[in-house]
Amino acid sequence: MKIFLSLKVPREDAEREAIITQLGDAIRITGHTPFVATEEIARAGMTTPKDFMPFVRDELADCDLMIVIYHPELRGGLIEVGMAYERKIPIWLCAKENEKISSSMLGCTNEVVIYENTDALREKILRLLSK
């Protein structure tokens, strides 16, 4: 199963970097393939939405699941969620405890994962993927 990870670009954010690493590892451990849009866009050297949005759309087309790491400043990830929702790709929304989540985002979500820290998030995702 190919799993699309959507999150705010982690520029200089140690927690977001740890989330990418730990969730990517959890996805691989359970025998699935992670696709981290922020990493793949950077690796391809794409810098403008006109370049990377078609790339993201094409990659999303063959994904079986989207995992969204919610952040109030997610921005581009909301477009990805809309594309996944339209294609009926299941969406798991991960949000920190006590974080206010938009009702629109909740309306597109199949599973909500509330977490306290990065390690707890990794464990919850491992459990869900192992079902």
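The values are calculated or read from the model by the stated rules, or taken from the named source; none is laboratory data. Please read all numbers here as calculations on a predicted model, not as lab measurements. Cβ: placed from backbone, ideal geometry, glycine included. Neighbour counts: every protein chain shown.
Within the stretch 88-97, if we keep just the residues that are modelled with pLDDT of 95 or more and outside any strand (DSSP E or B), the residue that is surrounded by the most Cβ atoms within 10 Å (Cβ to Cβ) turns out to be I89. Scanning the stretch 56-103 for residues that are farther than 16 Å from I20 by Cβ, among the β-branched types (V, I, T) and within 10 Å of the chain's Cα centre (by Cα) yields V81, I91.
So that you can scan it fast, the table gives a plain yes or no per residue for (1) at pLDDT below 95; (2) under 25 Å from R127 (Cα atoms); (3) not in a helix (DSSP H, G or I):
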position	(1), (2), (3)
R11	yes, no, yes
I20	yes, yes, no
M46	yes, no, yes
K50	yes, no, no
E59	yes, no, no
V68	yes, yes, yes
P72	yes, no, yes
I79	yes, no, no
I101	yes, yes, yes
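For I79, the conditions (1) more than 16 Å from L7 (Cβ to Cβ); (2) surrounded by 14 or more Cβ atoms within 10 Å (Cβ to Cβ) all hold with the exception of (1). If the requirement is being farther than 20 Å from I27 by Cα, surrounded by 13 or more Cβ atoms within 10 Å (Cβ to Cβ) and in contact (Cβ under 8 Å) with a residue 60 or more places away in the chain, which of these qualifies: L65, L74? Unique residue meeting the criteria: L74.
For the stretch 105-120, the criterion of being assigned to a loop (DSSP other than H, G, I, E, B) and within 18 Å of G24 (Cβ to Cβ) is met by at least one residue. All of (1) hydrophobic (A, V, I, L, M, F, W, C); (2) surrounded by fewer than 17 Cβ atoms within 10 Å (Cβ to Cβ); (3) at pLDDT below 95 hold for V112 with one exception: (3). The residue of the stretch 10-58 that is farthest from L74 (Cα to Cα), among those that are of a type in the set (V, I, T) and buried (at least 17 other Cβ atoms within 10 Å of the Cβ), is I27.
Table: residues versus (1) in contact (Cβ under 8 Å) with a residue 60 or more places away in the chain; (2) of a type in the set (A, V, I, L, M).
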position: E15; (1), (2): yes, no
position: L23; (1), (2): yes, yes
position: G31; (1), (2): no, no
position: P34; (1), (2): no, no
position: T38; (1), (2): no, no
position: T47; (1), (2): no, no
position: F55; (1), (2): no, no
position: G82; (1), (2): no, no
position: N117; (1), (2): no, no
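Test A26 against the criterion of being among the aliphatic types (A, V, I, L, M) and touching a helix residue (DSSP H, G or I) at 6+ places or on another chain (Cβ under 9 Å), and give yes or no. For A26, the condition - among the aliphatic types (A, V, I, L, M) and touching a helix residue (DSSP H, G or I) at 6+ places or on another chain (Cβ under 9 Å) - is met.
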